[in-house]
Amino acid sequence: MTSFTWKYSGNIILLYGSWDDWKEAQILTRNKENQRQVILTLSPNLYEYKFQVDGKWLYDIEQPTVNRNGIVNNIVRILAPETPKVVVCLGERLGKDGSPTAILKHRVEKAVQVARNDRTVVGIIFTGGKVSSVEHLSEAEVMKSHAVSLGFPEEQIFQEDQAKNTIENAIYSKMILQQRCNFKVCGVYLVTSNFHINRACRIFTSVLGLDYPVIKEPIEDLLSITQEVLDDRLQKERWLLGFLKSHLYQYKLSYAYEE
């Protein structure tokens, strides 16, 4: 089952795709998040698709695209059920003493649960560097330790301890997928908190590309942080947004584009 979602404005939203040679319109209806959505059953393959919004052809720039002589369509890879998958678990700032926060523990526990529930999962990538303090272990090391304490096999864990932000999480995770896992095509379960999942998914989708389709696995977290920590995060987010805006040509992150 593959979900297609339109998160932007519009009254009548239709979906067309190459799965039936662009013949039949699929009507999107509102889901629980008040977004327009349609769920289709598609065979494993690469498909192009596009939305028709109130009679105008639009594509979602937050999803992978292909440009054919100036005509831009979205494109999606549907994986075969037996395709290998990897869980990527994103780090979270450690406590002042270097211990994992409740949020970080929840992410690790979710990653282990996802890995155990899908027999095609071959391992977990824990990604996160020494963001809190150079004196502490990296977030990846702390996450790995917690996963091992839960009984997850250490030999199925890949540790990425250089990333300082979500963009680097995606870049370094892709390097592990390509160089250490040696996967040309692989599904990626992305585990992070619900308040972070949408932004993280956009970045990972842009960086990983079609060969590593991203599957969201958010956890429900109550975001409870001090004003000092919040201000620090907002400052970092402003820098990252500025970085993304200046590199749209590389990461292809923006809002919906109208032809």
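The values are calculated or read from the model by the stated rules, or taken from the named source; none is laboratory data. Only a predicted model underlies this, so the values are computations on that prediction, with no experimental measurement involved. No Cβ is skipped: glycine too gets one built from the backbone with ideal geometry, and neighbour counts run over all protein chains shown. Surface accessibility is based on the protein's heavy atoms, side chains included, excluding ligands, DNA and RNA. Shrake-Rupley method; radii C 1.70, N 1.55, O 1.52, S 1.80 Å.
Summary table
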read-out: Euclidean distance between Cα centres, segment 8-45 to segment 140-215, Å; value: 29 Å
read-out: Phi to ³J(HN,Hα) by Karplus 6.51 cos²θ - 1.76 cosθ + 1.60 over segment 51-67, Hz, x for Gly, Pro; value: 9, 10, 10, 6, x, 10, 7, 9, 10, 9, 6, 7, 10, x, 10, 9, 10
read-out: Portion, in percent, of the accessible area of segment 54-97 that falls on carbon or sulfur, probe 1.4 Å; value: 50 percent
read-out: Subset of 96/184; 110/130; 32/144; 32/130; 32/184; 105/174 violating a 28 Å alpha-carbon distance limit; value: 96/184; 32/144; 32/130; 32/184
read-out: Karplus 3J(HN,Hα) series, Hz, for segment 15-30 with 6.51 cos²θ - 1.76 cosθ + 1.60 (x for Gly, Pro); value: 10, 10, x, 6, 4, 10, 6, 6, 8, 9, 7, 9, 8, 8, 10, 6
read-out: Under 5 Å, built H, 5+ apart or other chain: amide partners of residue 158; value: 124, 125, 126
read-out: Net charge dipole size for segment 58-150 [Lys, Arg +1 and Asp, Glu -1 on Cβ; Debye, nearest 20]; value: 160 debye
read-out: For segment 198-207, 3J(HN,Hα) per residue [Karplus equation, 6.51 cos²θ - 1.76 cosθ + 1.60, θ = phi - 60°, Hz, x = Gly/Pro]; value: 5, 5, 4, 5, 4, 5, 5, 4, 5, 7
read-out: Accessible area of segment 47-164 divided out per residue, in Å², using a probe of 1.4 angstrom; value: 46 Å²
read-out: Restricting segment 134-216 to trypsin sites (Lys or Arg not before Pro) in coil, as DSSP defines it, with at most 10 other Cβ within 10 Å; value: 184
